[in-house]
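Scroll down for the structure; my scribbles are underneath it.
The values are calculated or read from the model by the stated rules, or taken from the named source; none is laboratory data. Given the structure is predicted, the values throughout are model-derived calculations rather than measurements. Reconstructed Cβ throughout: ideal geometry from the backbone, glycine too, with neighbour counts over all protein chains shown. Side chains included, ligands, DNA and RNA excluded: accessible areas come from the protein's heavy atoms. Shrake-Rupley method; radii C 1.70, N 1.55, O 1.52, S 1.80 Å.
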Amino acid sequence: MRQALRELHERHAGDRGGAPADYIPELAKGDPDRFGLAIATAGGELFQAGDALAEFTIQSVSKAFAFCIAIEVIGRAAVLGRVGVEPSGDAFNAIVFDPRTNRPFNPMVNAGAITIAGLLHERFGDAAFPLLLDRMSQAAGQRLAVDEAVYRSELETGHRNRAIGHLLRNCGAITGPVDAILDIYFRQCAILVSAIDLAWMGATLAHIGEHPGTGRQVFDLGAVRDTLAVMFTCGMYDYSGGWAFNVGIPAKSGVGGGIVGVVNRQLGIGTFSPRLDAQGNSVRGIRVFEDLASDFGLHAFECLNQGSVFVTSLLR
Ligand code: GLU
């Protein structure tokens with residue numbers, strides 16, 4: 001695995017396609033050529049290559065974890081009452097709600113993620129963000145911090161998200177003060193992680209909520225299943241269908257250049273490369289996942305994947 005990661009790094013390091021996000025001014029400032037890869041196993045092993053320790057802001061990758069936490073602490077029915085689980089096919093920052101339900105399509109687009117922040121604010125008030133940060137830190141296996149410059153940069157320029165927040169307030173998807181709710185959302189997006197952190201966070205999901213290194217139960221079992229399902233169908237912006245088809249690994253990407261992938265019961269995969277394609281996904285990240293999935297047979301519907309151990313054992 002170590003060798004494979006090194007080779008993948010070498011194979012794709014020369015790819016300079018795409019460009020870093022610059023609509024949050026502070027995001028454009030990092031070195032666009034950083035490239036880090038990491039894989040953590042459900043057995044607690046870690047493999048890495050390149051700039052695997054380089055830090056970047058988690059951005060939308062946080063949406064998967066915030067959803068997972070909300071399902072547990074708010075309750076599945078209450079969460080699903082406010083946000084759907086349908087792929088929207090729209091851009092992440094689309095100002096579009098499901099016309100049938102008047103709810104955001106899913107928790108992986110901004111409108112859905114701001115709704116999740118709203119639900120957490122309703123229940124926990126000012127304690128909502130510390131709760132998110134604590135749980136995500138436990139999933140990473142170390143204390144995570146917020147990049148204050150990126151947070152402030154988005155706070156000052158995030159007018160589109162502010163507009164989405166007010167529309168959500170208007171249609172009752174959120175009930176609290178829009179500014180306080182956006183503050184949670186902007187802070188969660190500005191949490192600093194490395195490819196290694198993402199690999200452990202993915203491995204915690206893969207290991208049904210228990211961090212494979214610390215042994216700590218971080219996430220609720222049922223919430224993990226719900227989260228992986230939504231990552232599989234909605235995690236890669238408007239490339240989610242193509243991704244499920246070509247790669248077949250539940251994943252979530254962020255405009256900071258990170259992607260987290262989860263191979264159920266087996267692996268967490270973290271990649272970081274800031275150059276993004278037109279859909280907002282890391283160009284090299286996609287290539288690495290495509291190669292990993294095909295070289296190691298990681299696609300969820302790969303013929304070598306035996307599926308539920310429980311059912312197979314009953315049939316034996
Ligand atoms: N904070 C970013 C935004 O709301 C996150 C976007 C993303 O990573 O997709 O615009």
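Values computed for the structure shown
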{"quantity": "Selection from region 253-278 of residues that are in a strand (DSSP E or B), closer than 17 Å to Phe65 by Cβ and within 14 Å of the ligand (Cβ to nearest atom)", "calculated": "Ser253, Gly258, Ile259, Val260, Phe272"}
{"quantity": "Selection status of Ala190, at negative phi, more than 13 Å from the ligand (Cβ to nearest atom) and surrounded by 15 or more Cβ atoms within 10 Å (Cβ to Cβ)", "calculated": "no"}
{"quantity": "Evaluation of Val224 against (1) touching a Phe, Trp or Tyr at 6+ places or on another chain (Cβ under 8 Å); (2) more than 13 Å from the ligand (Cβ to nearest atom); (3) open to solvent by less than 10 Å² (accessible area, probe 1.4 Å) (one fails), failing number", "calculated": "(1)"}
{"quantity": "Residue count for region 63-86, restricted to those that are in contact with a Cys (Cβ under 9 Å, 6 or more places away or on another chain) and surrounded by 21 or more Cβ atoms within 10 Å (Cβ to Cβ)", "calculated": "1"}
{"quantity": "Any hit, region 88-102, residues being at pLDDT 95 or above and either among the basic types (Lys, Arg) or touching a Phe, Trp or Tyr at 6+ places or on another chain (Cβ under 9 Å) (or both)", "calculated": "no"}
{"quantity": "Residues of region 193-221 that turn out to be open to solvent by 10 Å² or more (accessible area, probe 1.4 Å) and in contact (Cβ under 8 Å) with a residue 40 or more places away in the chain, as a count", "calculated": "9"}
{"quantity": "Breaking point among (1) at pLDDT 95 or above; (2) away from the ligand (no atom under 16 Å from the Cβ), for Met201", "calculated": "(2)"}
{"quantity": "Where a residue in region 120-132 is closer than 23 Å to Met201 by Cβ and its partner, wherever it lies, is assigned to a helix (DSSP H, G or I) and of a type in the set (Phe, Trp, Tyr), with Cβ under 8 Å and at least six apart", "calculated": "Leu131/Phe124; Leu132/Phe65"}
{"quantity": "Helices (runs of 4 or more DSSP H) completely within region 1-115 that count 3 or more residues being away from the ligand (no atom under 12 Å from the Cβ), more than 18 Å from Gly158 (Cβ to Cβ) and touching a helix residue (DSSP H, G or I) at 6+ places or on another chain (Cβ under 6 Å)", "calculated": "61-73"}
{"quantity": "Qualifying residue in region 159-169 (condition: outside any loop (DSSP other than H, G, I, E, B), more than 22 Å from Gly235 (Cβ to Cβ) and away from the ligand (no atom under 16 Å from the Cβ))", "calculated": "yes"}
{"quantity": "Region 143-170: number of residues that are in contact with a helix residue (DSSP H, G or I) (Cβ under 7 Å, 6 or more places away or on another chain) and either without any contact (Cβ under 8 Å) to a residue 40 or more places away in the chain or open to solvent by 20 Å² or more (accessible area, probe 1.4 Å) (or both)", "calculated": "9"}
{"quantity": "Meets criteria (out of contact with any Cys (no Cβ under 8 Å at 6 or more places or on another chain), in a loop (DSSP other than H, G, I, E, B) and on the phi > 0 side of the Ramachandran plot) for Ile174", "calculated": "no"}
{"quantity": "Residues of region 237-252 that turn out to be in contact with a Lys or Arg (Cβ under 8 Å, 6 or more places away or on another chain) and more than 10 Å from the ligand (Cβ to nearest atom), as a count", "calculated": "0"}
{"quantity": "Test: residue in region 285-308 that is within 16 Å of the ligand (Cβ to nearest atom) and either modelled with pLDDT of 95 or more or touching a strand residue (DSSP E or B) at 6+ places or on another chain (Cβ under 8 Å) (or both)", "calculated": "yes"}
{"quantity": "Filtered residues of region 9-42 (kept if open to solvent by 40 Å² or more (accessible area, probe 1.4 Å), within 16 Å of Leu192 (Cα to Cα) and among the small types (Gly, Ala, Ser))", "calculated": "Ala28"}
{"quantity": "Conditions (1) of a type outside the set (Val, Ile, Thr); (2) touching a Gly at 6+ places or on another chain (Cβ under 6 Å); (3) open to solvent by less than 20 Å² (accessible area, probe 1.4 Å): number failed by Glu122", "calculated": "(3)"}
